[in-house]
Amino acid sequence: MRRRTPTAGLALALFAAVTATLTTTAASAAPAPVSAAPALAAAAPDISVTNVQAHLTQLNTIATNNGGTRRAGSAGYTASVSYVKAKLQAAGYTVTEQYCSACTYPSNNLIAEWPQGPADQVVMFGAHLDSVSAGPGINDNGSGSATLLENALVLAQRNPSMTKRVRFTWWTDEEQGLNGSEFYVNSLSATQKSYIKGYYNFDMVGSTNGGYFINRITSTTAAPLKAYWDSLNLQPEENVEGQGRSDDYSFQQAGIPTSGYAAGASARKTSAQATKWGGTANVAYDSCYHRSCDTTSNISATVLNRSADGVAYAIWQLAVGGGTPTNDFSVAVSPTSGSVARGGSTIATVSTATTSGSAQTVSLSATGAPSGVTVSFSPSSVTSGGSATMTVSASATATTGTFTITVTGAGSVTRSAAYTLTVTGTGGCTGGQLIGNSSFESGSAPWTASSGVITNSSSQAARTGSYKAWLDGYGSSHTDTLSQSVSIPAGCSSYTLSFWLHIDTAETTTSVAYDKLTVQVGSTTLATYSNLNAASGYAQRSFNLAAYAGQTVTLKWTGVEDASLQTSFVIDDVTLQVG
């Protein structure tokens with residue numbers, strides 16, 4: 001969100017409800033009844049906040065690798081556009097880049113349209129992708145950008161029938177004066193503007209001391225956003241701080257109805273807001289606003305999750321019909337990126353899932369590999385719901401650089417996922433498994449852990465052997481930690497951190513993350529899990545640590561439990577395999 005506030009603009013005529021016709025109505029029209037919220041919420045998908053946070057981790061890494069910033073026109077911004085674009089293209093979106101020649105830092109807007117629904121009935125969802133020069137901009141505005149990206153991917157995965165066309169946009173040069181969105185709006189003809197039935201903006205939706213704010217909260221355009229937060233009893237307020245300071249203003253100036261979510265910037269939370277929302281009164285909603293500390297640590301997973309789910313709620317209410325294709329499936333690659341030296345190879349797992357109808361045979365293939373690189377699958381076809389191992393091999397003369405490989409599954413429909421491959425010119429990797437005492441069977445060293453965490457207690461079963469790391473599970477306010485320092489060699493083609501996690505909880509909520517486990521590499525958060533992720537048995541969690549090659553880092557797990565109802569985070573068989 002930009003810092004300066006514009007002077008009062010001209011009065012704007014407002015369109016009627018986004019799902020209605022072009023007839024205008026007053027901005028104070030009553031929102032949709034709150035009683036409709038639970039039914040609508042059930043129809044919309046739950047957006048994984050873990051997936052949203054994974055996008056934030058990628059944006060943070062991009063900034064780290066490019067001078068600590070993703071400012072418009074910088075290498076960090078260009079890499080951010082490439083990351084988002086690759087994900088969207090692999091999911092089947094029609095994606096275009098629009099060069100903003102009038103921007104302070106000339107660079108590209110990114111526009112992605114889901115090619116379903118009537119082209120003259122468009123609902124837009126936008127967020128600015130640039131940061132300020134001072135920092136990586138993870139809350140401002142990686143949070144809005146990642147929220148829209150994951151919503152776009154889920155929409156493509158579900159592939160429902162559409163009553164309207166959905167267009168996602170990521171703006172450049174917002175921090176210099178809303179220049180990217182203004183350039184886009186000015187490029188539209190009067191007819192193209194008339195097709196847009198509503199524009200929804202998401203700028204800073206994960207503030208650590210955040211509130212729940214909605215742009216033009218009493219308008220009919222805001223109704224679906226407000227209805228969802230009302231269903232959670234959040235009592236949202238008008239986004240006074242953000243008026244005229246983000247990209248929705250460019251659309252308001254053109255007479256297009258707007259709304260959006262925000263969690264607050266540098267303004268301070270009032271005592272009344274702290275009472276109803278939690279957090280700290282008389283402290284900024286985001287104490288790292290426009291600063292270098294706006295990293296992945298500067299995010300409230302709870303606020304981010306509620307914002308992401310509210311976006312899905314709005315999309316489904318405004319633009320999704322009742323039917324879904326039969327016999328459909330999804331494709332995903334884990335990890336989503338990898339590195340291989342000439343003469344070497346690396347592997348990833350391709351997973352499929354049946355999303356509607358019956359399971360079907362899915363044939364796997366890949367495109368986009370550079371000269372000298374081959375991609376194979378074992379097996380080459382699976383039944384949807386199954387997985388295959390993808391092996392990427394580079395010859396001694398393979399073309400070096402970074403490439404996007406599209407992994408495609410073909411059945412009754414075609415679905416795809418993106419994999420980012422880096423080919424290096426030299427080998428020299430000293431590979432192996434780097435975690436000491438990975439199954440906790442040999443005492444505590446070299447682990448550092450809170451008292452009682454490494455245990456053979458029979459109350460929680462180990463995955464293998466007798467010992468495991470058991471964080472929390474007390475049913476009272478408690479914090480446990482587990483960490484190990486690891487030196488990661490350079491020159492390897494793969495760096496995979498894996499561990500098995502079992503979450504057991506007595507919490508009964510399906511919407512509030514009361515107890516949390518945070519996984520970090522140094523100061524960077526890889527993932528956050530909570531009581532909402534509880535399940536029987538262990539699940540393997542894997543992360544690509546290629547960004548830390550040549551460094552000594554501390555891997556850390558932190559479990560924080562609130563005042564009542566236990567949640568146990570049980571970890572076993574931790575490995576960091578390089579090769």
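The values are calculated or read from the model by the stated rules, or taken from the named source; none is laboratory data. Remember, it's a predicted structure, so these values are computed and weren't measured experimentally. Note that each Cβ is placed from the backbone with ideal geometry, even for glycine, and that neighbours are counted across all protein chains shown. The protein model used for the area step is the full one, side chains on, heavy atoms only, and it has no ligands, DNA or RNA in it. Shrake-Rupley method; radii C 1.70, N 1.55, O 1.52, S 1.80 Å.
Only one of the numbered conditions (1) assigned to a helix (DSSP H, G or I); (2) within 20 Å of G210 (Cα to Cα); (3) of a type in the set (G, A, S) is not met by A314, and that is (2). Answer yes or no as to whether D504 is part of a strand (DSSP E or B), open to solvent by 10 Å² or more (accessible area, probe 1.4 Å) and acidic (D, E). Considered against the rule, which asks whether it is part of a strand (DSSP E or B), open to solvent by 10 Å² or more (accessible area, probe 1.4 Å) and acidic (D, E), D504 comes out as yes. In segment 53-140, counting only strands (runs of 3 or more DSSP E) that sit wholly within it, the ones holding 3 or more residues that are hydroxyl-bearing (S, T, Y) span 94-100. Right, D248: among the acidic types (D, E) and surrounded by 24 or more Cβ atoms within 10 Å (Cβ to Cβ) or not? Yes: the conditions hold for D248. Determine whether Q273 is open to solvent by 20 Å² or more (accessible area, probe 1.4 Å), in a helix (DSSP H, G or I) and modelled with pLDDT of 95 or more. It is false that Q273 is open to solvent by 20 Å² or more (accessible area, probe 1.4 Å), in a helix (DSSP H, G or I) and modelled with pLDDT of 95 or more.
Considered as a group, the residues in segment 445-476 that are of a type in the set (A, V, I, L, M) and in a loop (DSSP other than H, G, I, E, B) include one that is farthest from Q540 (Cα to Cα), and that residue is A445. Looking across segment 109-123, just one residue is within 15 Å of E182 (Cβ to Cβ) and surrounded by fewer than 23 Cβ atoms within 10 Å (Cβ to Cβ), and that is I111.
The sole residue among T191, T208 that is at pLDDT below 95 and either of a type in the set (D, E) or open to solvent by 40 Å² or more (accessible area, probe 1.4 Å) (or both) is T191. Across segment 247-270, the qualifying residues are those that are closer than 13 Å to I214 by Cβ and part of a loop (DSSP other than H, G, I, E, B), and the one among them that is nearest to the chain's Cα centre (by Cα) is A263.
Scanning segment 558-578 for residues that are of a type outside the set (A, V, I, L, M) and not in a strand (DSSP E or B), we see that the one that is surrounded by the fewest Cβ atoms within 10 Å (Cβ to Cβ) is S564. Would you check if there is a residue in segment 510-519 being farther than 25 Å from G344 by Cα, open to solvent by 10 Å² or more (accessible area, probe 1.4 Å) and in a strand (DSSP E or B)? Yes, some residue in segment 510-519 is farther than 25 Å from G344 by Cα, open to solvent by 10 Å² or more (accessible area, probe 1.4 Å) and in a strand (DSSP E or B). Candidates in segment 432-469 are the residues that are of a type in the set (D, E, K, R) and in contact (Cβ under 8 Å) with a residue 40 or more places away in the chain; of these, the one that is surrounded by the fewest Cβ atoms within 10 Å (Cβ to Cβ) is R463.
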